[in-house]
Amino acid sequence: MIPIIIYNNVDHALPIIQKWKSKKQKVAFTNGCFDILHKGHVEYLQKSKSKVDRLIVGINSDYSVRLLKGNTRPIQDQNSRASIIAALSSVDMVIIFDEKTPLELIIKISPDIIIKGGDYSEEEMIGREHVLSYGGEVMIIPFEQGYSTSGIIEQIKNL
């Protein structure tokens with residue numbers, strides 16, 4: 001299946017997600033900036049996909065990344081980041097969102113599972129209460145040590 005990219009309108013994604021759910025496919029959601037894709041990201045998304053039938057990745061828009069990381073980020077624009085993530089075989093859908101957190105997106109999608117990397121605790125996960133309220137799951141994928149977008153940027157600065 002060719003991954004689907006939805007730009008800033010989750011309502012366009014909902015019929016597709018409902019179709020997956022009607023077929024009893026397990027749907028997971030994860031999110032991030034994915035500014036400079038690295039091995040840690042790829043392994044994280046592969047491990048996430050191994051737990052479900054469909055993996056939806058929320059990507060912070062350029063505006064949202066600036067809110068979180070400051071005016072020097074993102075390095076790559078949202079269209080580039082979305083295209084790169086969508087090219088991975090582990091990803092079924094990419095949704096770009098403008099908010100600082102993906103809470104609105106999670107509420108609308110109501111995934112079976114929300115997944116984050118090991119640098120988060122379950123208590124810190126945005127959308128946790130919503131997903132647990134209908135019997136969904138919260139999952140932490142162990143953090144891949146030694147891989148960081150900020151670390152890559154620092155290495156480049158120091159060349």
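The values are calculated or read from the model by the stated rules, or taken from the named source; none is laboratory data. Note that the coordinates shown come from a computational prediction; the quantities given were computed from them, not determined experimentally. Note: ideal-geometry Cβ built from the backbone for every residue, glycine included; neighbour counts use all protein chains shown.
Note on the range 92-125: residues that are under 20 Å from P142 (Cα atoms) and modelled with pLDDT under 95 amount to 10.
A residue that is assigned to a loop (DSSP other than H, G, I, E, B), farther than 19 Å from F97 by Cβ, modelled with pLDDT under 95 and within 15 Å of the chain's Cα centre (by Cα) occurs nowhere in the range 3-11.
If you go through the range 37-65 one residue at a time, how many are among the small types (G, A, S) and under 18 Å from I5 (Cα atoms)?
Of the residues in that region, 3 qualify.
Listed here are the strands (runs of 3 or more DSSP E) enclosed by the range 21-123 that have at least 1 residues being of a type in the set (D, E, K, R) and without any contact (Cβ under 8 Å) to a residue 40 or more places away in the chain: 54-60. Determine whether the range 78-89 contains at least one residue that is touching a helix residue (DSSP H, G or I) at 6+ places or on another chain (Cβ under 7 Å), surrounded by fewer than 16 Cβ atoms within 10 Å (Cβ to Cβ), modelled with pLDDT under 95 and closer than 20 Å to K26 by Cβ. Taking every residue of the range 78-89 in turn, none turns out to be touching a helix residue (DSSP H, G or I) at 6+ places or on another chain (Cβ under 7 Å), surrounded by fewer than 16 Cβ atoms within 10 Å (Cβ to Cβ), modelled with pLDDT under 95 and closer than 20 Å to K26 by Cβ. Given the structure, is I6 in contact with a His (Cβ under 8 Å, 6 or more places away or on another chain) and more than 16 Å from I114 (Cα to Cα)? Taking the combined requirement at face value, the residue satisfies it.
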